[in-house]
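Structure record follows, encoded as structure tokens.
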Amino acid sequence: MKTGRIIRSLAGYYDIMMDDGVVERTRARGQFRQKNHRPLVGDFADFESENGEGFIWALHDRKNDLVRPPIANVDLAIVVTSVVEPAFSQNLLDRQLVALEAAGVKPVLYFSKMDLLEPTARQDFETTLAEYRTIGYDVIVSDEDVPSAFRPILKNQVVVAMGQTGAGKSTLLNTLAPELQLETGAVSKALSRGKHTTRQVSLILVPAFEALIADTPGFSSYEVFDFPVEELGNYFPEIKAVSGQCRFRTCSHINEPGCAVKEGVALGSISQARYNSYELFYQIIKGKRPVYQKTSQKWRQ
């Protein structure tokens, strides 16, 4: 029996890399389909192979896994967020951060296309960057020395690059490792969406960082809230930090008196925009999707 990590999944086949760097192609035995337990890129698997045909017999326990993108056992996630083309969406960014916090995956925020911002817009956007840094997130922007900024963060890590279609995931990876020569695509002006240049999840060895980095297909929406509404506050670090000071132990931070979270918003120690995301997600999970105008600044779509 051999053991390795799944580094690629395509059309029912799984490429497994062993410790010596050898990669073998396998298929999953029928028992996985019967149990609805699909192997994921990043899984450690026990397998047998003969004459170039291998079969996965068992999957090891996962330390974490993500639904979107489908990957397991990652150390951190680079959340690639465009500031323009496609337009910045704090709603979408916060959805991804909540999903990562829920899965126990450390996020690193990378804001792409900063050079396309006009000086005044850049100055305004610095406020948003400062808000995320204050929360405690690592923030890297595209017009700094990107490889140097990422090197200490990525070293010896298993990393997933995720984000909206057209945000610049493949462009970022090409910057970090030019030898990859990953395909990149333009953004549709009409739809503000990029072309899906990445069609599968693959872990790629990047020797310069001694890291495995996954480039993943992009998306235009992100609907992952598979936990009870009572847990939502735990996935906003700035809300979790003060929620113990609320008058009521079961405070939802929506309407209750004596809420330390709402007090923090009023005092400016918690971002109003981040609280807006929390309130919107709370309503979605509760099944009471709010009605609001698309032009409303409250939700900063």
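The values are calculated or read from the model by the stated rules, or taken from the named source; none is laboratory data. Remember, it's a predicted structure, so these values are computed and weren't measured experimentally. Please note: Cβ atoms are built from the backbone with ideal geometry, for glycine as well, and neighbour counts cover all protein chains shown. For accessibility, only protein heavy atoms count, side chains too; no ligands or nucleic acids. Shrake-Rupley method; radii C 1.70, N 1.55, O 1.52, S 1.80 Å.
Numbers at a glance
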| read-out | value |
| --- | --- |
| Which listed residue is touching a residue at least 60 places away in the same chain (Cβ under 8 Å) and at negative phi, from Leu97, Leu93 | Leu97 |
| Output for region 89-133, where each listed residue is hydroxyl-bearing (Ser, Thr, Tyr) and surrounded by 13 or more Cβ atoms within 10 Å (Cβ to Cβ) | Ser89, Tyr110, Ser112, Thr128, Tyr132 |
| Residue check for Lys155: within 22 Å of Pro217 (Cα to Cα), open to solvent by 20 Å² or more (accessible area, probe 1.4 Å) and among the charged types (D, E, K, R) | no |
| Subset of region 10-40 that is of a type in the set (A, V, I, L, M) and in contact with a Pro (Cβ under 7 Å, 6 or more places away or on another chain) - its residue that is nearest to Asp61 (Cα to Cα) | Leu40 |
| Any hit, region 39-51, residues being under 23 Å from Val206 (Cα atoms) and open to solvent by 40 Å² or more (accessible area, probe 1.4 Å) | yes |
| Lone unmet requirement of (1) over 16 Å from Ile78 (Cα atoms); (2) at pLDDT 85 or above; (3) in contact with a Pro (Cβ under 9 Å, 6 or more places away or on another chain) for Ser192 | (2) |
| Count of region 240-275 residues which are of a type in the set (Ser, Thr, Tyr) and more than 24 Å from Thr128 (Cβ to Cβ) | 2 |
| Contacts under 8 angstrom Cβ, first residue in region 219-245 being within 30 Å of Val201 (Cβ to Cβ), partner outside any helix (DSSP H, G or I) and modelled with pLDDT of 95 or more, 6 or more apart | Val229/Ser252; Pro237/Gly136 |
| Within region 1-26, tally of residues that are surrounded by 15 or more Cβ atoms within 10 Å (Cβ to Cβ), out of contact with any Gly (no Cβ under 6 Å at 6 or more places or on another chain), of a type outside the set (Gly, Ala, Ser) and over 22 Å from Pro217 (Cα atoms) | 1 |
| Single residue of region 61-79 satisfying the filter (free of Cβ contacts under 8 Å to residues at least 40 places away in the same chain and in a loop (DSSP other than H, G, I, E, B)) that is nearest to Thr216 (Cα to Cα) | Arg62 |
| Conditions (1) assigned to a helix (DSSP H, G or I); (2) within 14 Å of Ala208 (Cα to Cα): number failed by Arg133 | (2) |
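So that you can scan it fast, the table gives a plain yes or no per residue for (1) at pLDDT 85 or above; (2) open to solvent by 40 Å² or more (accessible area, probe 1.4 Å); (3) in contact with a helix residue (DSSP H, G or I) (Cβ under 9 Å, 6 or more places away or on another chain):
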site: Val159; (1), (2), (3): yes, no, yes
site: Leu173; (1), (2), (3): yes, no, yes
site: Asn234; (1), (2), (3): yes, yes, yes
site: Val242; (1), (2), (3): yes, no, yes
site: Pro257; (1), (2), (3): yes, yes, no
